[in-house]
Amino acid sequence: MHSSFTRIQNVFGFFTTVACVLAGFIAATDLLAIRKPSGTIVPTNIQVVKGRPHYYSSKKEEYAIIKFSLDADLSSLFTWNTKQLFVYVTAEWPSSPGANTTNSAVIWDSIITNPSADHLQNIGPIAMKKLKKSAEGKSIDPSRGLLKLKNQRPKYQITHPSGKIAKVDNVSLKLNYNVQPWVGLLTWNMDDTLGYWNPIDGGVSEKFEFPAIKVKKDAGKNKGSKV
């Protein structure tokens, strides 16, 4: 005869085994979903300014401010197992001529939730009402993956450890994503095709150069007038 405690342990062990197997099957269904994200990103305004890294610093560094326009279709990334999608844009450029390493810095990001996960996002009651209305009768709202941004201001200014970033060339903007499922592993944008998963069609801008810091004309005249 088994004691009551042993029976409870056996039932709990059987339950966890079934739950883990079921979670594995759920996670495997993502491999059967077709992912065909696409996007076009274009820098619209690029500036380099000088600033201090913090209030008490006397040393000034160069910071790049990049505005951009983005037209992307990431709706294929939303499946019934998608909890939320983290989208971000990076500025990338070679660390030095001929080197294989690349500098990469995030200039903008956003979180797009599945309609069933809207309660996890800290948004106002009016926006929540609109989201619930758009999701009525739909397991997934396809408009969640459509991004149309025009002359978008960056969330973050970027710099370099050296403090110098002006006149750097071969810079490009890149669209990235991270899918967080309800069950399974986090997945990032693919570099190569894997089964039904495809890399982003487009998603990288043309090469450009960070401009030089603008010098005020008045300052130049004052310097020339000094004896």
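Below, the figures for the structure above:
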{"item": "Solvent exposure ordering (accessible area, 1.4 Å, most first) of H54, H160", "result": "H54, H160"}
{"item": "Local net charge near I34, Cβ-Cβ under 14 Å (Lys/Arg +1, Asp/Glu -1)", "result": "-1"}
{"item": "Dipole moment magnitude, nearest 20 debye, region 1-88 about Cα centre, only Lys, Arg, Asp, Glu C-beta charged", "result": "320 debye"}
{"item": "Computed lengthening from L31 to I213, 0.36 nm per intervening residue step minus Cα-Cα distance", "result": "60.7 nm"}
{"item": "Region 1-65, Cα convex hull volume normalised per residue, Å³", "result": "200 Å³"}
{"item": "D201-V21 pseudo-label distance in nm [points 7 Å out on the Cα-to-Cβ vector]", "result": "4.0 nm"}
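The values are calculated or read from the model by the stated rules, or taken from the named source; none is laboratory data. It should be emphasised that the depicted structure is a prediction, and the values quoted were computed from it without experimental measurement. Every residue, glycine as well, gets a Cβ built from its backbone with ideal geometry; the counts of neighbours run over all protein chains shown. Surface areas here come from the heavy atoms of the whole protein model, side chains and all, with no ligands, DNA or RNA. Shrake-Rupley method; radii C 1.70, N 1.55, O 1.52, S 1.80 Å.
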